[in-house]
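The values are calculated or read from the model by the stated rules, or taken from the named source; none is laboratory data. Source: prediction; values computed, not measured. Backbone-built Cβ (ideal geometry, glycine too); neighbour counts: all protein chains shown.
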Number of protein chains: 2
Amino acid sequence: MPQAPKIQKIEALPTDEAKWVEFQKITWHDQTGKERVWEAANRKTRGKAGVDAVAITTVIRHPKRKPSTIIILQYRPPVDAVCVELPAGLVDAKETPSDASVRELHEETGFKGKLTFISPTIVSDPGLSSANMQLATVEVNLKEGDTEPEQALDDGEFIERVVVPLDELYERLVQYDKEGKTVDARLWHWAAGMHFAKTML
Amino acid sequence: MPQAPKIQKIEALPTDEAKWVEFQKITWHDQTGKERVWEAANRKTRGKAGVDAVAITTVIRHPKRKPSTIIILQYRPPVDAVCVELPAGLVDAKETPSDASVRELHEETGFKGKLTFISPTIVSDPGLSSANMQLATVEVNLKEGDTEPEQALDDGEFIERVVVPLDELYERLVQYDKEGKTVDARLWHWAAGMHFAKTML
């Protein structure tokens, strides 16, 4: 029976104990030649592709329904909240980001789709970390009568998927926030861009 | 004479030396009751508002020009690249995120605008850090003959501002990437959302 995830304790992480992340002191010379120091976090898991992660904007087309996308809800310990995010995941050591996109979408949501676009490498929070990613577009074409597929989650993954018509996405995110969930900044910016194009341009 | 910024050395950052960021070992119980550990980064600078940072989507209106926005280019040591980003900055200890948005836009770009919207608190990279932010919309209304204002940068800040027509933003980001600059994920998602609304819906 699933129970609410709960943080037991938060301790300082000693540098030599960190397995997934490393913490760096970067000494650099700025544009005037002055020596400065920057503190940053770095994932240790980056593989051959040179890209930490992918996220997926899915377009589900169906003969009788509005074009929809998939978002996921999962608990995230660093923010102690259920986050609303695009399907996403780390790129495996020898995998391409394009392959990772189709694989992650399938594992997290059950949907098999066709990659139609992948962005250049972009950086998630470049004032704080070296974390980078690519944003993929994957299209799923459904026929009438197709049923919802099963998710293929790893053991210990608790991920809720939600299919949302694209023209309702922005309002849905506003609603999730009101309910106490926390929206991922990248998903928010994508939905805000669509909303902005509709209302401001 | 400005020179290219350059990294001298990257060392492991000892936990007790970190000034701006802290590194956490989070012990939590998952949905099955199993004890797990998560490694995360945390900013130490969060003030009264409970929000680390703001970013600003600006809309510049002018009687004779297309609606435009402002993006900024600056060197970021964690990724050792010139990043293309929305104007943004940390919220001061006693400041509201709304006030920070108008202040940061003015300091980084010289433009004084009116806040028309601010998002709920969203999280920048919730698998890796607790970093959070709010995304503001600020409108700048120019009259014919208004000249470009001066930036009000802090000592040691080297920030290039670029005014871009909103309907050219996505292509401009693609171009910056080709030139070897690195686009911030949140800016990319916002522009991709606008582009997606125009081309896919």
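How about segment B:74-136: which strands (runs of 3 or more DSSP E) wholly inside it have at least 2 residues that are touching a residue at least 60 places away in the same chain (Cβ under 8 Å)?
Qualifying strands (runs of 3 or more DSSP E): B:81-85.
In the set B:Leu115, B:Leu169, B:Leu128, B:Leu187, which member is facing chain A (nearest Cβ under 7 Å) and in contact with a strand residue (DSSP E or B) (Cβ under 9 Å, 6 or more places away or on another chain)?
Just one listed residue meets the conditions, B:Leu128.
Examine segment A:121-142 for a residue that is in contact with a Gly (Cβ under 6 Å, 6 or more places away or on another chain) and surrounded by fewer than 21 Cβ atoms within 10 Å (Cβ to Cβ), and state whether such a residue exists.
Within segment A:121-142, one or more residues are in contact with a Gly (Cβ under 6 Å, 6 or more places away or on another chain) and surrounded by fewer than 21 Cβ atoms within 10 Å (Cβ to Cβ).
So, A:Trp20, is that one facing another protein chain (nearest Cβ under 7 Å), aromatic (Phe, Trp, Tyr) and in contact with a helix residue (DSSP H, G or I) (Cβ under 6 Å, 6 or more places away or on another chain) or not? If you could, list the steps in order and put the result at the bottom.
Working: facing another protein chain (nearest Cβ under 7 Å): yes; aromatic (Phe, Trp, Tyr): yes; in contact with a helix residue (DSSP H, G or I) (Cβ under 6 Å, 6 or more places away or on another chain): no.
Considered against the rule, which asks whether it is facing another protein chain (nearest Cβ under 7 Å), aromatic (Phe, Trp, Tyr) and in contact with a helix residue (DSSP H, G or I) (Cβ under 6 Å, 6 or more places away or on another chain), A:Trp20 comes out as no.
Going by what's in this entry, would A:Lys9 be described as closer than 30 Å to A:Thr109 by Cβ and surrounded by fewer than 18 Cβ atoms within 10 Å (Cβ to Cβ)?
no
Report, by residue number, each residue of segment A:179-201 that is within 16 Å of the chain's Cα centre (by Cα) and charged (D, E, K, R).
Result: A:Lys181, A:Asp184, A:Arg186.
Residues being part of a helix (DSSP H, G or I), at pLDDT 95 or above and β-branched (Val, Ile, Thr): count how many of those fall in segment A:165-200.
Of the residues in that region, 1 qualify.
For A:Lys178, state whether it is surrounded by fewer than 16 Cβ atoms within 10 Å (Cβ to Cβ) and within 24 Å of A:Lys6 (Cα to Cα).
Yes.
Test each condition in (1) in a loop (DSSP other than H, G, I, E, B); (2) farther than 22 Å from B:Val82 by Cβ; (3) acidic (Asp, Glu) for B:Glu139 and report the one that comes out false.
B:Glu139 satisfies all of (1) in a loop (DSSP other than H, G, I, E, B); (2) farther than 22 Å from B:Val82 by Cβ; (3) acidic (Asp, Glu) except (1).
Collect the residues in segment A:62-78 that are within 11 Å of chain B (Cβ to nearest Cβ) and over 12 Å from A:Pro5 (Cβ atoms), keeping them in residue-number order.
Hits for segment A:62-78 are A:Lys66, A:Pro67, A:Thr69, A:Pro78.
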